Amino acid sequence: MRYGEVVHFSHPQHRLRLEHMDTPFRCDGCREAGIGARFRCPYPGCDHDLHRQCALPLSPPPPPLRHPFYPSCAFVFLARAPGAPGSRYCNACGRDVAGFVYHCRACGFDLHPCCAALPHALDAGGGVRLHLHPDSKTAAPCHRCGHRGRSWSYRSQCKCYSLHVACVMDMIVESWHGVGRHKGGGRRGGGGGGSRANVHDGGLVVPGSGGYRVPAIRGAAKSSHGSTGGGYSYWGRKKGGKVKRCCEIAGFAAQVVISAVLGDPTAFIAGVIGSLIAR
């Protein structure tokens, strides 16, 4: 087997190849959205994609995952969560578990593979570092929803900036609701990105993709703070002084958090996300 290829139980008929694309996809493992690096079937018509975090074997099973937020838990990788469909949710982002999952049998906690792999620190530029926290009840209100305590959150060291992982997931679902909903039709488009026939227009035209437009991410540029009384409602819109600088940092912070939640926390993909944010 060549480097960058895997044989996976979810698609045993073909090897999956590690590819890097600027187009979004729907992971056939966890059923959540992704962008950037993915393991993908190279055969036309298969349209099978996996996050790198989801491309794990079941036999032999990977060792239990230990997460610092749950030191007493041993998370095992499962192809589906126990119980009836829709009965489990991710303890990181709050969304339903619809596919691959890390599950703790002792505590009953569940984590999406990408949520389990979220970086504990992100560089938001300008010397600002964002740190992942399991409980946001005592943090600053989320910049998007204005509330506390909804899910895991990224917040700055000064505790002035906070963004819920759940709010990021909401933005992605609302903006990319059509991505990969009807996979397997064999329509791969001009650039081989997959799942393109059912994505609405708007956003960024990806070079070399045959004119495919990545849908804009809506709501990422909107802040819940200072929306009235001469304040600012969108990061980066008000000019002058420290406010402008803080808005710029907050805007880039949103980009890096979104790229991390989508499974590719690299500076390049954060830049792609920045170009997709509707302002």
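Considering the range 22-46, and only residues there that are surrounded by fewer than 23 Cβ atoms within 10 Å (Cβ to Cβ) and modelled with pLDDT under 90, the residue that is farthest from G4 (Cα to Cα) turns out to be G45.
Scanning the range 7-21 for residues being within 22 Å of the chain's Cα centre (by Cα) and either open to solvent by 50 Å² or more (accessible area, probe 1.4 Å) or of a type in the set (A, V, I, L, M) (or both) gives a total of 5. Of the numbered criteria (1) in a loop (DSSP other than H, G, I, E, B); (2) touching a strand residue (DSSP E or B) at 6+ places or on another chain (Cβ under 7 Å); (3) closer than 26 Å to T266 by Cα, the one P82 fails is (3).
Yes/no per residue for (1) within 21 Å of V173 (Cα to Cα); (2) of a type outside the set (G, A, S); (3) open to solvent by less than 30 Å² (accessible area, probe 1.4 Å):
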site: P62; (1), (2), (3): no, yes, no
site: A79; (1), (2), (3): no, no, no
site: G86; (1), (2), (3): yes, no, no
site: A106; (1), (2), (3): no, no, no
site: L111; (1), (2), (3): yes, yes, yes
site: P141; (1), (2), (3): no, yes, no
site: R144; (1), (2), (3): yes, yes, no
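Being free of Cβ contacts under 8 Å to residues at least 24 places away in the same chain, closer than 27 Å to F39 by Cα and of a type in the set (K, R) is not true of R95. Note on the range 47-63: residues that are farther than 21 Å from I258 by Cβ and either modelled with pLDDT of 95 or more or in contact with a His (Cβ under 8 Å, 6 or more places away or on another chain) (or both) amount to 3.
Taken residue by residue, the range 127-137 has no member that is of a type in the set (S, T, Y) and in contact (Cβ under 8 Å) with a residue 40 or more places away in the chain.
In the set (1) out of contact with any Pro (no Cβ under 6 Å at 6 or more places or on another chain); (2) open to solvent by 10 Å² or more (accessible area, probe 1.4 Å); (3) farther than 18 Å from S10 by Cα; (4) among the aromatic types (F, W, Y), the condition left unmet by Y154 is number (2). When we screen A117, A92, A121 for residues that are of a type in the set (A, V, I, L, M, F, W, C), within 26 Å of Y161 (Cα to Cα) and loosely packed, with under 13 Cβ neighbours inside 10 Å, the only hit is A121.
Among the residues of the range 124-139, those identified as open to solvent by less than 10 Å² (accessible area, probe 1.4 Å) and either over 14 Å from I258 (Cα atoms) or of a type in the set (S, T, N, Q) (or both) are S136, A139.
The values are calculated or read from the model by the stated rules, or taken from the named source; none is laboratory data. Here the structure is a predicted model, which means the values were calculated and not measured. When we count neighbours, we look across all protein chains shown, and the Cβ atoms used for this are built from the backbone with ideal geometry, even at glycine. Side chains are part of the model used for accessible areas, which takes the heavy atoms of the whole protein and leaves out ligands, DNA and RNA. Shrake-Rupley method; radii C 1.70, N 1.55, O 1.52, S 1.80 Å.
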